[in-house]
Amino acid sequence: MCQSQINHVKHCDDLLVCLSVLLVARVINAQAIAFSAQDISDVLYWHNLYRKDVQPPAATALSQLTWDSNLATVSYNWAAKCTQNSQGFLDHNPNRSAEYGQTVGENIYAGSAASINTPYLASKNWNDENTTYTLSTNTCTGVCGHYTQIVR
């Protein structure tokens, strides 16, 4: 069983799925599996929907996200490692910006069953942090780091 703790996710003993940056890979039993064309479409659909529905609305419309294969490669390579820190949490890639060539953020999502590790559920879990964040003032009253990666 996996348990979440704030912005980190605990390692699962059985099936571990690591989804990194814009969700590009599943790692199941230490085997990296690239996202399908449908997975990519789903990731973009949900992220763009949540960006469009920001409340209160952004002063200017947030641009549509598109797939970046170079960023996907950086993310895939990190997700394949599923590196844990000393507390058993999945680590973020400290070199992601250098590997990509410009500053990028990262969301990691993990779970213990394929049925809960879909692009929709990962995106939804991150979007659910919207209740603690105000885009117009860039303020957060709780956990909102994953959400800000979607809307900023």
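Would you say Ala25 is at pLDDT 70 or above and open to solvent by less than 80 Å² (accessible area, probe 1.4 Å)? Reasoning before the result, please.
Numbers: at pLDDT 70 or above: no; open to solvent by less than 80 Å² (accessible area, probe 1.4 Å): yes.
For Ala25, the condition - at pLDDT 70 or above and open to solvent by less than 80 Å² (accessible area, probe 1.4 Å) - is not met.
Between Cys2, Cys18, the distinction of being under 13 Å from the mean Cα position of the chain (by Cα) and modelled with pLDDT under 70 belongs to Cys18 only.
Residues checked against (1) of a type in the set (Ser, Thr, Tyr); (2) in contact with a Cys (Cβ under 9 Å, 6 or more places away or on another chain); (3) in contact (Cβ under 8 Å) with a residue 60 or more places away in the chain; (4) surrounded by fewer than 19 Cβ atoms within 10 Å (Cβ to Cβ):
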position	(1), (2), (3), (4)
Ser36	yes, no, no, yes
Leu49	no, no, no, yes
Ala61	no, no, no, yes
Val74	no, no, no, no
Ser86	yes, no, no, yes
Asn95	no, no, no, yes
Gly101	no, no, no, yes
Val104	no, no, yes, yes
Thr141	yes, no, no, yes
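Note on segment 92-106: among residues that are in a loop (DSSP other than H, G, I, E, B) and modelled with pLDDT of 85 or more, the one that is nearest to Cys144 (Cα to Cα) is Pro94.
Out of the residues in segment 63-72 that are open to solvent by less than 100 Å² (accessible area, probe 1.4 Å) and polar (S, T, N, Q), state the one that is farthest from Ser136 (Cα to Cα). Steps first, answer last, please.
To start, the set of residues in segment 63-72 that are open to solvent by less than 100 Å² (accessible area, probe 1.4 Å) comprises 63, 65, 67-69, 71-72.
Next, from what is left, pick out any that are polar (S, T, N, Q): 63, 69.
Working: Ser63: 16, Ser69: 31 Å.
My answer is Ser69.
The values are calculated or read from the model by the stated rules, or taken from the named source; none is laboratory data. Just so it is clear, the model here is predicted, and its values are computed rather than measured. When we count neighbours, we look across all protein chains shown, and the Cβ atoms used for this are built from the backbone with ideal geometry, even at glycine. All accessible areas refer to the heavy atoms of the entire protein, side chains included, with ligands and DNA or RNA removed. Shrake-Rupley method; radii C 1.70, N 1.55, O 1.52, S 1.80 Å.
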